[in-house]
Structures are given as C-alpha cells and as structure tokens.
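Here is the structure we will look at, set down as structure tokens.
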Amino acid sequence: MKLSQIIEQCSLEKVLFHADEDIKTGYCGDLMSDVIAHAGNDSIWVTVQAHKNSIAVALIKEIKAIIFTNNVEINQELIEKAKEEKINLFSSKKNSYQVCGILYKLLEDGHYKD
C-alpha cells in the first residue's frame with residue numbers, strides 16, 4: 001500500500017514526507033531493541049519514542065516511515081536526522097492502539113471503513 005493512502009486513512013500529520021513509499025507491513029513498539037529484533041523491512045513503525053535514535057533503528061531495519069502517536073513532541077534534532085536519512089515522519093493525536101487498528105485493517109484486510 002502506498003504511504004499516501006496510509007496518511008489519508010489514518011489522518012496523519014506530515015512532519016517530514018520524502019517519498020510515497022510502498023508499505024508492506026507495520027510494527028508497534030517503544031522498546032528499540034524489540035523493534036530491531038522483530039520489525040520487518042519496508043514497514044511503518046508506530047511508537048511514542050520520539051528520539052533521534054529512532055532514526056538509527058529505522059535505518060537498521062529499512063523502515064520507511066515512523067508514526068509518533070499520543071501527540072508526542074518531536075524535536076528539531078530528530079527531524080534533522082530524519083531529513084538527512086530520508087525517513088518519513090508523521091504524528092497522530094490518536095494513541096498507538098487506535099493507529100495500529102487502522103493500519104492492520106489497511107495492510108492486512110486491504111481496506112478501512114470509518
């Protein structure tokens with residue numbers, strides 16, 4: 001599924017949008033070692049960990065985009081690192097559970113109905 005479709009369906013706020021990547025799967029986790037161990041390539045990551053180390057984890061796992069939930073504050077240092085590494089960043093006022101529910105329906109069922 002195209003990232004632009006996910007952005008629209010999840011009502012995400014664009015923090016940094018580089019490319020309309022193909023997203024194959026998603027992963028939700030706030031423990032970076034867990035994400036490294038279990039997230040898939042070409043995925044979208046849902047987390048509240050708005051830290052520049054999140055970008056390093058995304059690079060290791062070839063994660064195409066990160067959604068920061070619960071309206072967490074995203075600092076400029078993180079944004080600059082993401083810009084440098086071409087990682088798409090988004091924000092949501094929804095919590096991780098809500099965003100993951102929508103993502104699951106989009107990526108696994110192929111549709112989402114509001």
Practice problem: Check Ser4, Ser11, Ser33 and return the single one that is surrounded by fewer than 18 Cβ atoms within 10 Å (Cβ to Cβ), over 11 Å from the mean Cα position of the chain (by Cα) and without any contact (Cβ under 8 Å) to a residue 12 or more places away in the chain. | Solution: Ser33
Quiz item: Hey, among the residues in region 58-112 that are touching a residue at least 60 places away in the same chain (Cβ under 8 Å) and of a type in the set (Phe, Trp, Tyr), which one's surrounded by the most Cβ atoms within 10 Å (Cβ to Cβ)?
Solution: Phe90
Quiz item: Do we find a residue being modelled with pLDDT of 95 or more and charged (D, E, K, R) anywhere in region 49-63?
Solution: yes
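The values are calculated or read from the model by the stated rules, or taken from the named source; none is laboratory data. These numbers come from a predicted model, not from an experiment. Note that each Cβ is placed from the backbone with ideal geometry, even for glycine, and that neighbours are counted across all protein chains shown.
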